[in-house]
Every structure is written in structure tokens, then in C-alpha cells.
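Since the structure comes first, as C-alpha cells, the remarks are kept for the end.
The values are calculated or read from the model by the stated rules, or taken from the named source; none is laboratory data. Predicted model only: the values in this text are computed from it and were never measured. FYI the Cβ positions are ideal-geometry reconstructions off the backbone, even for glycines, and counts take in every protein chain you see. Only protein heavy atoms, including side chains, enter the accessible area calculation; ligands, DNA and RNA are left aside. Shrake-Rupley method; radii C 1.70, N 1.55, O 1.52, S 1.80 Å.
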Amino acid sequence: MNLSQKIIFFIFLFSFFIGTNPMNANSLDSLENVLRSKITGNNVDEQLDAYFELGKEYLLHKETDKALDYLLAAESLAEKLKKYELRLEIVYKLGVCYNAQHDYDKAIEVLTQLIKDLTGTNGKELGDACYRLAKVYQVKGNNELAFDYHFRALQIREEQGDRKGIARSHYQVGGIHFFQGNYHKSIEYYEKCLKIAKEINSEVLELSCYGAIGGAYSRLGDVDLSLEYNMKAYEITIASNRKSGLAYISFNLGDNYQTLGDVDKALKYFNQAHKLYIESNDRWGQIGSNKSIGEIHITKGNNKEGLEYLNKSLEIAQSLGARPRLLDVYKSFARNLEDMGDYKKANWYYKEFLSLKDSLVNEATLQKMSDTKMQYEISSKEKAIQKRDTQLQETYRNFLIVGLLFLLVFLYLMYAKYKTQAKNNELQREQNQKIRQQNDQLEEAHLIQMETNQLLKTQNEQSLVQNEKLERKNEELKRFAYIASHDLKEPLRNIGSFATLLKRRFKGQLGSDADEYIDFITTNVSRMYDLLHEVLMYSKLENEEIIHDWVSINEIVQTVRETLRGKIMEQNVQFKVANLPEVQGHRSHLLQLFQNLVSNSIKYNQKENPLVEVGIKENFEGHDLVYFVKDNGIGIDMEFKERVFEIFKRLHGKDEFEGTGVGLAICKKIVMQNNGDIWVESEIGKGSTFYFTLNINTKMAEANSADAEMFVEGVNFN
Ligand code: ADP
């Protein structure tokens, strides 16, 4: 492709984009030259494109013969190359081309086949093919089929949302109604078309609608309204300089003025339209323009000229097979010939008119058209309902999905909450269980406690009662012991005195047995007296008032030594005393305590060199200060270490060792009165050590030098 070819090619492409056709005949030739080189070239694809482009271009310029050649060539090449989609496009243009050539049968054949091929696709192409076929049937006057295909096209276009297509279909349906003489219906459809035309800014459609509505009102006899619409159309046409539209509107205006009786004006517009129809080779339009100009001439009295025009109109209508137009022409002939007085011919045309009218507009056709329309409306309504249902279903579905989602989320949240709650409840239950168990345990413990308390209380009460009883008994016993020991002393002393008196007065006079009996009495009275004395001592410990003076234990032990001097001397006892403390206590009691222990140490000792030691031990056996009295005597069986402290408890008979069995009991009582304790450690044959503590105020006395010396020189016991 050289530069000039390129430029022409781009101009060609540009014209396509802007939707105008700037090409004149010369540029069309140039395009043909350019594309011809492709046709003669080897590239079959380019050949096909070139044929198709040229076909379309010539069709646009209404050079239908050339267009047909190129389109037929393109179609066979597309078939050969198996480019089926492109072939269908080409076939469509072929249909358009046949229609433009007024070869309606061929157009119907081609378009019917195309519709069959496209059936099922329901695309824009099918809609256009139906529309085109409907138009052909319309021209042929087959309104029934025209209606069918128009509505089929309308349905497809509505599905496609092809608004321009919808508007065009409405316009054509309006046209069918117009030629059926159903002008109100035609206006209704033109108005529908006009509405969309305004919305999509289609000037051509707009002015066509104004013109068509103007034409319909004219037929309805409303000339004013008709003129108003036609003038609107005319203004738009002039402003936009559209020749084809201008011809149509001019014709309509002529028609208006003809109706109004303004024949000159009517003729002016008819002539203008006629001229434009010839220029654009619009033979369909020429039928109307010839007829109307002819009628005006006849009105003006130029019958010959008028009839020529009418004949011309008749000739074209017949040649085109345009039966609806032919109807108008027959009618015009009939009326005008009637006016001219040629009734025979006029009658003939009337008959033709009526016959044609019957074939074009009969009840059956009208019914069929109504049915088709009804079907379309039902189908449209069904589609609308279906669409609405689909939308509703979608809305419901969306609601359902959203609802379900919400429900799911809600359920999940509830579940999570339930789980947490359940977990908490479980924990709570466990805690409650524990608390219950603890409570049970506590209750049990409480019960036990209560029972124990009750038991203790009972025991306490019993103890109290027993204590009381014991106390009472003790008291009674003490009183008895005291009374017995104190009061018995007197008669016993009397018995002793009289026995001694008896012995002294009647010794040797009553027989040796009597002397012996009297000795027995005096001895036992003496023993009994000792016993009563001891018991009295023991019981007095309870009753005497305790006086706390500072007492020197050293002095007490010294007093004991003095008291027992005879026995010490007699048995050659070694006596050892440590330096002993001073205490705040009851002097005579303490004297009694030490005396009893020391006298026992001497008494229960059969050694040749008896030893007695009195001393203290500090920090001994858990006590700060422990006193002891130790001997190397006969010792005590440790089995009786507790029992020796019981009153009247003796380990030996009175034949072996004299005694009452009260001494150690008195010691224990004195120690206990001083909050202390007393115990014995002993080994048979080796000796005994009596330990005791006194929990009373104590202070160490100054060392007594003699005793201390004595202590130092003391014999080793062990
Ligand atoms: P008694 O008047 O018989 O001495 P005690 O109450 O003083 O009564 O002593 C009770 C018994 O403890 C004595 O009968 C004796 O058997 C034993 N007894 C007491 N002191 C000693 C001791 N130093 N050595 C051995 N036996 C002792």
C-alpha cells in the first residue's frame, strides 16, 4: 500500500467511526481502486475483506447492482474459507441489498434463511434480520408476517437492551397500523419510538416520528395537530440538513396543505419532496409524490398532467409490488376519475381498490395482528414478571444468604458463649462441689466438735459432779482424818496412861501373860499414837494457812541434823550438805520435807558406813534448780517408784523397819503445795536419791564455810 492508498484507506476507516459518509463518487472510485489491488492479490483474507467493504460501501451509496456483485463474491469466498460468522453478516447485507433493489422475494428468501441460521443465537444480528425481513413483508403488504417478525425483533432487541432497535421496531409497527388505517394505534407506537429517540438523541428517528405522527393526525382529519408535528419535523430536518428526511416531511406538509385546500403551498412541498425522492432514487417515496402532485394538478384543472403523474405513481407502485401504496393510488384514481366524470374507469379503480383493500386489510389479518400483539404483550409481561421474579429471587437469596450468615455468626457466638458459660458453670459446679464437700467436712467437723463439746460438757459436768463429790468426800475425809487423829489422840493417851499405870501397879501380880499383854498394849498404843500424829500432820497440811517467809535451807538441814543427831551418831552416819539456797516458803513444811527424807535415808540403810548427802543440781532434767537427798542404803525397786509416795504405802514390814507409810506422802504434798515435783532414782543395794523441785522465790545463800568444807571432804558415794 503506497501513501495515497493509505490516506484513502484511513479516510474510509474514519468515515466508519464518525458514522457519516464523507465519500463522494470519486472517493468511492479511489477506494475501489485501492481494494481492487487486494482483490487481485494472493491474500484471500484481504480479498474477502475488500469484497465485503466494497459491497457495503456501494450499498450505502445505493449503487445496488455493484453492491450485489461484491456482496455475492464476498459471500462465496467466506463460504469457501469457512468464515461462517462473517458470511452471515454478508448475507444480511445481501438481504438489505435485494430489498433496496425491490427484489423482495429474493430478499425474503435470503433473510428467511439467515434467520434460520441465526436461530438460537438470539443476538443483535437475529434481531436485525427479523426486523429487516419484517420490513420487506411490510412493503409487500404482508402485514401478518411483517407483524410477526417485527414483534420477534422487538422481543430480541428488548432482551438485548438495544434501545435504538426497539425504537425502530416500534416505528415500523406504527407504520403497519398506519397502513391498516388504525391511526390511533400507529400514533401510540410512534410516540413510543419518539420517547426513546429523544432519550438516545437520535435526530433521524425523532424527526421521522414527528413526521409519522403528523401523517397519522392528517389521516385522522386533525390538520392543525398534523401540521404542528410536521412543522416540528421540518424544522429539525432543515436544521440538520437531512435530505432524505426533508423529502418525507415536505411530502407530509404538502399533504397537510392539500387537506387545508392550500393547493399552491401543497404543490410546492410535494414538488420539493418529489425532487428529493428522485435525487435519492427513492422510488417508494416517488409513488406518493407522483400521486399527490397528480391530485393537485387535477384539483387545479390540469387533468391530463395530473393523470400522467397518477399513472407514473401507479407504474412505480406496481413495479415495486408496493401493495399498500397501490391502494392509495387506486383510491386516488377512482376519486379523480369520478370527479372528471369517467365513472367507468373510476368504478374499475374502485373495484381494484376494494379488492386490494380486502386482501390487505381484512378482519382475519387484523385479528392475527391483534393476536400477535397480544402474544407479544403477554410474552413481554411474562418476561417482565420473570425478570422481577429473578430479581426477587436474587434479593431473597441474598437476604437468605445474609440472614444465614447472620444466623451462623449468631449461632457461633451463642455457641461460644454457651461453651464459655458451660465451662464457667463447670468450674462453678466444681467449686460449688468443693465448697459443698468442705461444708460437709466442716459440718461433720462441727458435728464432731459439737459431739465432742457435748461429750466434754457432759464429762465436765460429770467431772464437776465427781469433783464436787470428791471434794466433798475429801473434805469429809480430811475432816474425819483430822477429827480421828486429833480426837482419838486423847482417849489413846488415856489408854496408854492407864496401861502404863496398870503395868506399874500390877506388874508380876497378874501373871507373866498379863504383863506381856500389858506391854503389848502400851507398845501398840505408842505406835498408834505415832500413826495418829502422822495422819494429823498430813491432814493439817491442807488446813494450815501457808505463810511465806524467807527461809534458809541451810538452817533447815542443820535443824534436821540436830534433831536426828542421836541416830546419826548411833549409826555412824556420814552427813554431807552442800551450800543450799534461801527460799520464800513455809518453814515448818520445808523442815518436815527435809526431815522425812533424811530420816528415811538413815533408816533404810544397813551399811556399816552409811552416807547421807543433801545438795542441789542446777539445770538438771529440765529444771533450773533441783534439790536432792541421797543415801547408800538398801535402795528401792523402781517398780514401786510411784507407789512409795502414796499414803500408808510401805515396801517393808514393821518388823524390818518401823514406820507408818505417811512420810513420803507428806513430802509429796508439801512439794506440790510449792508447785514442785518429787521423784526417786534408786538401785537395790546401792542406795536411793530423792529429787524434788520448789517453784518458789529462791536466792542463793552465802556459803557456809563449815558445811562447804564438809561437802568438799565428803566421801565419794560411788
Ligand atoms: P515409813 O514410815 O515406812 O518410813 P515412808 O512414807 O517414809 O514410810 O516410806 C515409805 C516406804 O518407802 C518405806 O516403808 C520404805 O520401804 C521406803 N523407803 C523410804 N525411804 C527409803 C530409803 N531412803 N531407802 C530405802 N527405802 C526407803
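Key figures for this structure:
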read-out: Unique residue being surrounded by 20 or more Cβ atoms within 10 Å (Cβ to Cβ) and within 30 Å of Trp550 (Cβ to Cβ) when the list is Leu625, Leu597, Leu591; value: Leu597
read-out: Only one of Gly633, Gly585 that is on the phi < 0 side of the Ramachandran plot, open to solvent by less than 10 Å² (accessible area, probe 1.4 Å), in the same structural domain as Gly676 (by TED's automatic domain parsing) and near the ligand (Cβ under 9 Å from one of its atoms); value: Gly633
read-out: Qualifying position, being in contact with a helix residue (DSSP H, G or I) (Cβ under 6 Å, 6 or more places away or on another chain), more than 9 Å from the ligand (Cβ to nearest atom) and on the phi < 0 side of the Ramachandran plot, among Lys607, Lys669, Lys686; value: Lys669
read-out: Contacts under 7 angstrom Cβ, first residue in region 603-615 being under 13 Å from Ile568 (Cα atoms) and of a type in the set (Asp, Glu), partner within 13 Å of the ligand (Cβ to nearest atom) and not in a loop (DSSP other than H, G, I, E, B), 6 or more apart; value: Glu613/Lys630
read-out: Test for Phe628: is it in contact with a Phe, Trp or Tyr (Cβ under 7 Å, 6 or more places away or on another chain) and at pLDDT 95 or above; value: yes
read-out: Any hit, region 455-468, residues being within 30 Å of Ala701 (Cβ to Cβ) and either at pLDDT 75 or above or surrounded by 12 or more Cβ atoms within 10 Å (Cβ to Cβ) (or both); value: no
read-out: Conditions (1) in contact (Cβ under 8 Å) with a residue 60 or more places away in the chain; (2) assigned to a loop (DSSP other than H, G, I, E, B); number of the one not met by Asp148; value: (2)
read-out: Any chance Asn303 is surrounded by fewer than 22 Cβ atoms within 10 Å (Cβ to Cβ), touching a helix residue (DSSP H, G or I) at 6+ places or on another chain (Cβ under 7 Å) and more than 28 Å from Tyr137 (Cα to Cα); value: yes
read-out: Residue that is farthest from Lys686 (Cα to Cα), among those in region 572-581 that are buried (at least 19 other Cβ atoms within 10 Å of the Cβ) and more than 16 Å from the ligand (Cβ to nearest atom); value: Leu580
read-out: Residue match in region 267-281 (condition: of a type in the set (S, T, N, Q), modelled with pLDDT of 85 or more and open to solvent by less than 40 Å² (accessible area, probe 1.4 Å)); value: no
read-out: Out of Phe640, Phe645, sole residue that is open to solvent by 30 Å² or more (accessible area, probe 1.4 Å), within 9 Å of the ligand (Cβ to nearest atom) and within 15 Å of Trp679 (Cβ to Cβ); value: Phe640
read-out: Residues located in region 627-659, provided they are closer than 14 Å to Asn596 by Cα and β-branched (Val, Ile, Thr); value: Val629, Val644, Ile647
read-out: The lone exception for Thr559 - which of (1) touching a helix residue (DSSP H, G or I) at 6+ places or on another chain (Cβ under 9 Å); (2) near the ligand (Cβ under 10 Å from one of its atoms); (3) without any contact (Cβ under 8 Å) to a residue 60 or more places away in the chain it fails; value: (2)
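Residues are listed down the side, and each one gets a yes or a no for (1) farther than 17 Å from Thr299 by Cα; (2) open to solvent by less than 70 Å² (accessible area, probe 1.4 Å):
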{"residue": "Leu314", "(1), (2)": "yes, yes"}
{"residue": "Ala322", "(1), (2)": "yes, yes"}
{"residue": "Leu327", "(1), (2)": "yes, yes"}
{"residue": "Ala334", "(1), (2)": "no, yes"}
{"residue": "Trp348", "(1), (2)": "yes, no"}
{"residue": "Phe353", "(1), (2)": "yes, yes"}
{"residue": "Leu356", "(1), (2)": "yes, yes"}
